[in-house]
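Participant: First the structure, then my questions, so here it is.
The values are calculated or read from the model by the stated rules, or taken from the named source; none is laboratory data. These numbers were taken from a predicted model, which means no experiment stands behind them. Heads up, the Cβs are rebuilt from the backbone with ideal geometry, glycines too, and the neighbour counts pull from every protein chain shown. Quick note on the areas: whole protein, heavy atoms, side chains included, nothing else; ligands and nucleic acids left out. Shrake-Rupley method; radii C 1.70, N 1.55, O 1.52, S 1.80 Å.
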Amino acid sequence: SVAIWTFGGECNPSNVKRLMPFTSNLSQAENTFRQQIPRPAGMTPLYTAIDLSVEQMKNYLASRSHLKEARVVVLTDGLNTCAEQIRPRGIYSQSLTIVYQQIKFYCIGFDIPPGSKEERDLQYLASAS
């Protein structure tokens, strides 16, 4: 199953929106991804989006005991422009907990300078899981 969320626009949790609920219809997922993903608009609440994705995935896994792990693909420009810090506190510091044993993150950053704080943040998230 796959679901699609977007984030951005303003720095609050209400701007993390579900575009498509979990489905096994991969054609629907592809169409949603191709047609409904909004253009980047700044104000990237990356920390909030990651935190909410962890909660969603924990709930999804809890309701399906036969599933042992889940994957989250993060597509971002990587510039966390909101107040929350990504490293070292917060959800990223939970890497030794059961959350990151069950949820694996794959991070794809667009137009991120090599060696930048943003690149290190995405690498840290991927390696923590």
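Participant: Multiplying the sequence separation of residue 64 and residue 119 by 0.36 nm and subtracting their Cα-Cα distance, what value in nm do you get?
Facilitator: Working: separation 55, 0.36 × 55 = 19.80 nm, distance 3.34 nm.
16.5 nm is the gain from fully extending residue 64 to residue 119.
Participant: In straight Cα distance, which lysines are under 23 Å from residue 17, not counting same-chain residues fewer than 8 positions off?
Facilitator: 58, 104
Participant: For residue 107, what residues show an amide H to amide H distance below 5 Å, using hydrogens built from the backbone and excluding near sequence neighbours?
Facilitator: Counting only residues 5 or more places away or on other chains, the set is 74.
Participant: Evaluate E = 1/(1 + (r/R0)^6) for residue 23 and residue 81, where r is the Cβ-Cβ distance and R0 equals 25 Å; express this FRET efficiency to the nearest 0.05. Please report the intermediate quantities before stating the final value.
Facilitator: Working: r = 31 Å, r/R0 = 1.23.
Efficiency at R0 = 25 Å is approximately 0.20.
Participant: Using heavy-atom solvent-accessible surface (probe 1.4 Å) with all chains present, what is the largest-first order of 125, 52?
Facilitator: On the way: 125 0, 52 60 Å².
Accessible-area ranking of 125, 52, largest first: 52, 125.
Participant: Which value, in Å² rounded to 10, gives the accessible area of residue 11 with a 1.4 Å probe and all protein chains present?
Facilitator: Counting only protein heavy atoms, the figure is 60 Å².
Participant: Any chance you could look up the accessible area of residue 120 with a 1.4 Å probe, heavy atoms only, rounded to 10 Å²?
Facilitator: We get 110 Å² for residue 120.
Participant: Could you pull out which residues in the range 3-46 have an amide N less than 14 Å from a spot 7 Å beyond the Cα of residue 71, following the Cα-Cβ vector?
Facilitator: Answer for the range 3-46: 3.
Participant: With a point put 7 Å past each Cα toward its Cβ, work out how far residue 10 is from residue 43 in nm, to one decimal.
Facilitator: Between residue 10 and residue 43, the simple spin-label model gives 0.6 nm.
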